[in-house]
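Trainee: Quick one: this structure, given as structure tokens, is what I'll be asking you about.
The values are calculated or read from the model by the stated rules, or taken from the named source; none is laboratory data. Here the structure is a predicted model, which means the values were calculated and not measured. In this analysis, Cβ positions are derived from the backbone assuming ideal geometry, glycine residues included, and neighbour counts consider all displayed protein chains.
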């Protein structure tokens, strides 16, 4: 079974404008509301592949109800913890440039956090859990390590996509996969993003492996992605196109990569499909459709990185 945990879900409001000007009434020519949050996006993309999952997370108020109802419409099972307040609504505006306005969301009482940890502890053995996204108020970074410990004890495959340096404390619990982007990977090791060339990405990822991660997938935006395991390193390109909204592209990449592996695709096939899906999502208002992927997948190229990086 597959579970996804979004600590701080959101409604993503996408708007298109001719221009975004200060001190003016800026009227949109299009708008789109979607249930969102990084792991929620994973549940949605998995469903598009025909893979069922259960979405966990903290929700609040009318906006939290909207998220739950929209997921139920998609026939995605939910097991949310409800708290007081209002689930955040984030705004992504596409005008002459892309603008992102991200809110904080509700604060989580200690007893609701413990309720969530109890839900994680009830996940069946041999399941997979995606934990992805930022934390809401009232929950500190040790929440990730507590989850990692539970997964290790209960033989649950843990997939982590978080920007917190707490990820380094999760490594002794041997997470199944870590998916940072290149900027996050740089921050884990105190390196400037400008210095994150392929060699540096590989070396930093190998440190994650040495400290407990089973495999690492580094998303790199328009540069594609790099996959690193103890036995091989693969570099995958990304298709070119007009970027509309990059907010969900990394989530699509991760969901499609794992989803295709679970369906029996080879590592190379899964990477190719995932890269096309990540780009197709960046070229869309929200998460892409599978037909968008089919139109881009032939543009994706995969190469094996030189043996010296593996042995070095």
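Results for (1) loosely packed, with under 15 Cβ neighbours inside 10 Å; (2) touching a helix residue (DSSP H, G or I) at 6+ places or on another chain (Cβ under 9 Å), shown as yes or no for each residue.
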{"position": "63", "(1), (2)": "no, no"}
{"position": "67", "(1), (2)": "no, yes"}
{"position": "71", "(1), (2)": "no, yes"}
{"position": "78", "(1), (2)": "no, yes"}
{"position": "84", "(1), (2)": "yes, yes"}
{"position": "87", "(1), (2)": "no, yes"}
{"position": "110", "(1), (2)": "yes, no"}
{"position": "142", "(1), (2)": "yes, yes"}
{"position": "154", "(1), (2)": "no, yes"}
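Trainee: Can I ask one more? Starting from residues that are assigned to a strand (DSSP E or B) and under 23 Å from residue 254 (Cβ atoms), keep the ones in region 119-142 and report whichever is farthest from the chain's Cα centre (by Cα).
Mentor: Per the criteria, the residue is 128.
Trainee: Is it the case that some residue within region 183-202 is assigned to a loop (DSSP other than H, G, I, E, B), touching a residue at least 12 places away in the same chain (Cβ under 8 Å) and either in contact with a strand residue (DSSP E or B) (Cβ under 6 Å, 6 or more places away or on another chain) or within 20 Å of residue 8 (Cα to Cα) (or both)?
Mentor: No - not one qualifying residue is present in region 183-202.
Trainee: Then there is this: Identify, from the list 254, 296, the residue that is under 14 Å from the mean Cα position of the chain (by Cα) and crowded, with 18+ Cβ neighbours inside 10 Å.
Mentor: 254
Trainee: Return the pairs, sorted by first residue and then second, in which the second residue is part of a strand (DSSP E or B), the first residue lies in region 9-34 and is loosely packed, with under 10 Cβ neighbours inside 10 Å, the beta carbons are less than 7 Å apart, and the residues are 6+ apart or on different chains.
Mentor: Sorted first by the residue in region 9-34, then by its partner, the pairs are 29/16.
Trainee: Go through (1) free of Cβ contacts under 8 Å to residues at least 12 places away in the same chain; (2) closer than 22 Å to residue 159 by Cα one by one and return the number of the condition residue 306 breaks.
Mentor: Of everything listed in (1) free of Cβ contacts under 8 Å to residues at least 12 places away in the same chain; (2) closer than 22 Å to residue 159 by Cα, residue 306 misses just condition (2).
Trainee: Does region 241-249 contain at least one residue that is outside any loop (DSSP other than H, G, I, E, B) and in contact (Cβ under 8 Å) with a residue 40 or more places away in the chain?
Mentor: No, region 241-249 has no match at all.
Trainee: Tally time: how many residues in region 143-164 are within 9 Å of residue 131 (Cβ to Cβ) and not in a helix (DSSP H, G or I)?
Mentor: Qualifying residue count for the region: 5.
Trainee: What are the pairs, 6+ residues apart or on separate chains, where a residue within region 105-121 that is farther than 23 Å from residue 159 by Cβ has its Cβ under 8 Å from a residue that is assigned to a helix (DSSP H, G or I)?
Mentor: These pairs meet every condition: 106/61.
Trainee: Quick one: which residue in 260, 285, 240, 301 is modelled with pLDDT of 90 or more and either touching a strand residue (DSSP E or B) at 6+ places or on another chain (Cβ under 8 Å) or buried (at least 24 other Cβ atoms within 10 Å of the Cβ) (or both)?
Mentor: The conditions single out 301.
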